Amino acid sequence: MLYALHEMQHALLAPFEALASANQAFFTQPHSIWAHTPYARSFAAANELATRLIRRYEKPGWAIPETVVDGKTVAVTIEPAIAKPFCNLLHFRRDTKKRQDPRVLVVAPLSGHHATLLRDTVRTMLPEHDVYVTDWLDARMVPVSEGHFHLDDYIEYVQEFIRFLGPDVHVVSVCQPTVPVLAAISLMAANGDAVAPRSMTMMGGPIDTRRSPTSVNNFATGRPLAWFESRVIQRVPGNYPGVGRRVYPGFLQHMSFIMMNADRHIDAHREFFGHLVEGDGESAEAHRRFYDEYNAVLDMAAEYYLETLRVVFKEHALPNGTWDVRHQRVEPAAISQTALFTIEGELDDISGVGQTEAAHGLCTNIPDAKREHFLVPGVGHYGIFSGRRYREQIYPRIREFIRTNA
């Protein structure tokens with residue numbers, strides 16, 4: 001019912017969005033006499049802000065048409081390597097044939113945002129790596145006939161992708177997928193799988209959320225699982241292919257994202273208005289780029305979301321050694337051939353300090369020479385995989401780790 005009301009609200013606000021957009025154009029068109037009045041910028045800024053607050057944000061594009069390899073600009077073509085009901089494995093194929101760069105599987109989070117949130121991660125790696133990315137689908141777009149999607153299915157997807165890419169692959173997981181990726185590789189090692197990744201890099205993930213718990217962790221543990229199932233799980237309404245599917249809707253996730261740092265978002269929009277009035281186009285465009293991505297959210301399958309809450313945040317099943325996947329116990333100690341690199345941000349308010357490093361205490365049979373940890377000073381959650389500090393400090397360490405263990 002709540003999902004249907006949300007859709008109705010969006011439909012009712014559509015005319016106001018169109019009006020605000022038209023008003024913005026009216027006060028910014030150079031040939032309009034009103035664009036040269038003293039308050040034109042203020043009126044235009046107010047209408048653009050209103051438009052952006054009302055708008056529904058669709059999945060952004062990757063916007064990586066090219067990269068630079070050996071000092072030469074080469075085209076990048078995004079191709080689906082494997083298509084699954086809930087995920088596409090994308091290959092960022094570079095127009096170059098001579099280089100034999102390390103093959104990297106970037107496992108993007110399935111926690112509300114689209115995989116394009118890792119655009120900077122991918123763009124930075126492309127000049128020196130052959131990159132594949134998990135592009136998770138919006139559950140509201142997946143017909144019920146495709147069946148359910150459980151946490152165990154997520155793990156099996158990762159295993160299938162690793163086997164497809166072969167034993168020379170290096171796996172990089174960002175935030176949420178660090179847990180299922182560690183489970184996937186643990187099970188493959190325990191079963192003597194012929195394909196074992198050369199390395200696994202885990203960035204800002206909830207391996208053990210009992211360490212330095214954040215507001216996200218406290219919210220997840222402060223309520224029983226039944227509360228989440230009754231309050232946030234909805235059925236997809238009839239105007240989507242996934243009609244009838246039980247999901248945790250993107251709009252509810254977005255609301256929780258905003259409420260976690262409400263003051264920060266209010267200040268950001270206030271500053272955006274000021275930049276527009278002052279004519280600071282560069283700062284205004286940076287705001288647009290960030291929120292175009294941040295406001296684009298997807299629905300998650302209810303069973304996957306609830307199982308993740310239970311396994312990761314409530315039972316701490318991975319660090320406690322009590323997690324069974326398809327009736328097989330997950331034992332990270334089975335991993336001995338895959339190198340481990342964990343990365344944390346000192347100021348991460350989503351996955352606290354120590355939560356990702358906990359992987360080292362679980363993977364007891366990886367030799368010391370094949371493990372590394374990097375606590376990045378002054379960096380928050382998003383700074384781990386995006387932005388200047390990622391490009392200048394973190395990525396060089398990842399590149400070196402991958403080559404050392406190639």
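The values are calculated or read from the model by the stated rules, or taken from the named source; none is laboratory data. Remember, predicted model here, so these are calculated numbers, not experimental data. Because the Cβ atoms are built from the backbone with ideal geometry, glycine has one as well, and the counts that use them run over all protein chains shown.
Of the conditions (1) over 21 Å from residue 298 (Cβ atoms); (2) not in a loop (DSSP other than H, G, I, E, B), residue 5 clears all except one; give me its number.
Checking residue 5 against (1) over 21 Å from residue 298 (Cβ atoms); (2) not in a loop (DSSP other than H, G, I, E, B), the one that fails is (1).
Tell me which residues, restricted to the stretch 183-204, are in contact with a strand residue (DSSP E or B) (Cβ under 7 Å, 6 or more places away or on another chain) and not polar (S, T, N, Q).
183, 185, 187, 197, 198, 200, 202, 203, 204
Can you go through 403, 397, 389 and tell me which one is of a type in the set (D, E, K, R), buried (at least 16 other Cβ atoms within 10 Å of the Cβ) and in a helix (DSSP H, G or I)? Spell out how you get there, then give the answer.
Values: 403 fails: buried (at least 16 other Cβ atoms within 10 Å of the Cβ); 397 fails: buried (at least 16 other Cβ atoms within 10 Å of the Cβ).
None of the other options fit; the residue is 389.
Exactly one of (1) out of contact with any Cys (no Cβ under 7 Å at 6 or more places or on another chain); (2) in contact (Cβ under 8 Å) with a residue 24 or more places away in the chain is unmet by residue 205. Its number?
Tallying (1) out of contact with any Cys (no Cβ under 7 Å at 6 or more places or on another chain); (2) in contact (Cβ under 8 Å) with a residue 24 or more places away in the chain, residue 205 fails exactly one: (1).
In the stretch 100-109, is there at least one residue being exposed (fewer than 14 other Cβ atoms within 10 Å of the Cβ) and either in contact (Cβ under 8 Å) with a residue 40 or more places away in the chain or not β-branched (Val, Ile, Thr) (or both)?
Our first condition is that a residue be exposed (fewer than 14 other Cβ atoms within 10 Å of the Cβ); within the stretch 100-109, this holds for 100.
Narrowing the set further to residues that are either in contact (Cβ under 8 Å) with a residue 40 or more places away in the chain or not β-branched (Val, Ile, Thr) (or both) leaves 100.
Yes, the stretch 100-109 contains at least one residue that is exposed (fewer than 14 other Cβ atoms within 10 Å of the Cβ) and either in contact (Cβ under 8 Å) with a residue 40 or more places away in the chain or not β-branched (Val, Ile, Thr) (or both).
Here's the yes/no breakdown for (1) assigned by TED's automatic domain parsing to the domain that holds residue 108; (2) within 19 Å of residue 106 (Cα to Cα); (3) more than 22 Å from the chain's Cα centre (by Cα); (4) of a type in the set (Lys, Arg):
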| residue | (1), (2), (3), (4) |
| --- | --- |
| 321 | yes, no, yes, no |
| 325 | yes, no, yes, no |
| 347 | yes, no, no, no |
| 356 | yes, yes, no, no |
| 362 | yes, no, yes, no |
| 380 | yes, no, no, no |
| 383 | yes, yes, no, no |
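Restricting attention to the stretch 284-310, which residues are modelled with pLDDT of 90 or more and of a type in the set (Ser, Thr, Tyr)?
Within the stretch 284-310, 304, 305, 308 qualify.
Pick out the one residue from 312, 277 that is touching a Ser or Thr at 6+ places or on another chain (Cβ under 8 Å), touching a residue at least 24 places away in the same chain (Cβ under 8 Å) and not assigned by TED's automatic domain parsing to the domain that holds residue 137.
Being touching a Ser or Thr at 6+ places or on another chain (Cβ under 8 Å), touching a residue at least 24 places away in the same chain (Cβ under 8 Å) and not assigned by TED's automatic domain parsing to the domain that holds residue 137 holds for just one of 312, 277, which is 277.
Name the single residue, out of those in the stretch 305-329 being among the polar types (S, T, N, Q) and in a helix (DSSP H, G or I), that is surrounded by the most Cβ atoms within 10 Å (Cβ to Cβ).
Per the stated criteria, the residue is 308.
Tell me the residue from 333, 339 that is at pLDDT 95 or above, within 24 Å of the chain's Cα centre (by Cα) and either assigned by TED's automatic domain parsing to the domain that holds residue 216 or β-branched (Val, Ile, Thr) (or both), please.
Of 333, 339, the one residue that is at pLDDT 95 or above, within 24 Å of the chain's Cα centre (by Cα) and either assigned by TED's automatic domain parsing to the domain that holds residue 216 or β-branched (Val, Ile, Thr) (or both) is 339.
Scan the stretch 196-218 for residues that are surrounded by fewer than 24 Cβ atoms within 10 Å (Cβ to Cβ) and of a type outside the set (D, E, K, R) and jot them down.
196, 212, 213, 214, 215, 216, 217, 218 - these are the residues of the stretch 196-218 that are surrounded by fewer than 24 Cβ atoms within 10 Å (Cβ to Cβ) and of a type outside the set (D, E, K, R).
In this structure, does residue 37 turn out to be over 30 Å from residue 7 (Cα atoms), surrounded by fewer than 13 Cβ atoms within 10 Å (Cβ to Cβ), of a type in the set (Val, Ile, Thr) and assigned by TED's automatic domain parsing to the domain that holds residue 7?
On the way: over 30 Å from residue 7 (Cα atoms): yes; surrounded by fewer than 13 Cβ atoms within 10 Å (Cβ to Cβ): yes; of a type in the set (Val, Ile, Thr): yes; assigned by TED's automatic domain parsing to the domain that holds residue 7: yes.
So residue 37 passes the test.
Table: residues versus (1) surrounded by fewer than 24 Cβ atoms within 10 Å (Cβ to Cβ); (2) of a type outside the set (A, V, I, L, M); (3) outside any helix (DSSP H, G or I).
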residue: 148; (1), (2), (3): yes, yes, yes
residue: 154; (1), (2), (3): no, yes, no
residue: 157; (1), (2), (3): yes, yes, no
residue: 168; (1), (2), (3): yes, yes, yes
residue: 173; (1), (2), (3): no, yes, yes
residue: 186; (1), (2), (3): no, yes, no
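Can you find, within the stretch 131-146, the residue that is nearest to residue 105 (Cα to Cα) among those that are surrounded by fewer than 21 Cβ atoms within 10 Å (Cβ to Cβ) and among the hydrophobic types (A, V, I, L, M, F, W, C)?
Out of the qualifying residues, it is 141.
Counting just the residues of the stretch 113-130 that are surrounded by fewer than 22 Cβ atoms within 10 Å (Cβ to Cβ) and within 29 Å of residue 307 (Cβ to Cβ), which one comes out nearest to the chain's Cα centre (by Cα)?
Among those that are surrounded by fewer than 22 Cβ atoms within 10 Å (Cβ to Cβ) and within 29 Å of residue 307 (Cβ to Cβ), it is 117.
Here is a check on your reading of the model: is residue 78 free of Cβ contacts under 8 Å to residues at least 24 places away in the same chain and at negative phi? Give the steps one after another, and end with the answer.
Numbers: free of Cβ contacts under 8 Å to residues at least 24 places away in the same chain: yes; at negative phi: yes.
Yes.
So for the stretch 209-221 (the condition being of a type outside the set (A, V, I, L, M), assigned by TED's automatic domain parsing to the domain that holds residue 312, farther than 28 Å from residue 345 by Cβ and assigned to a loop (DSSP other than H, G, I, E, B)), does at least one residue qualify?
No.
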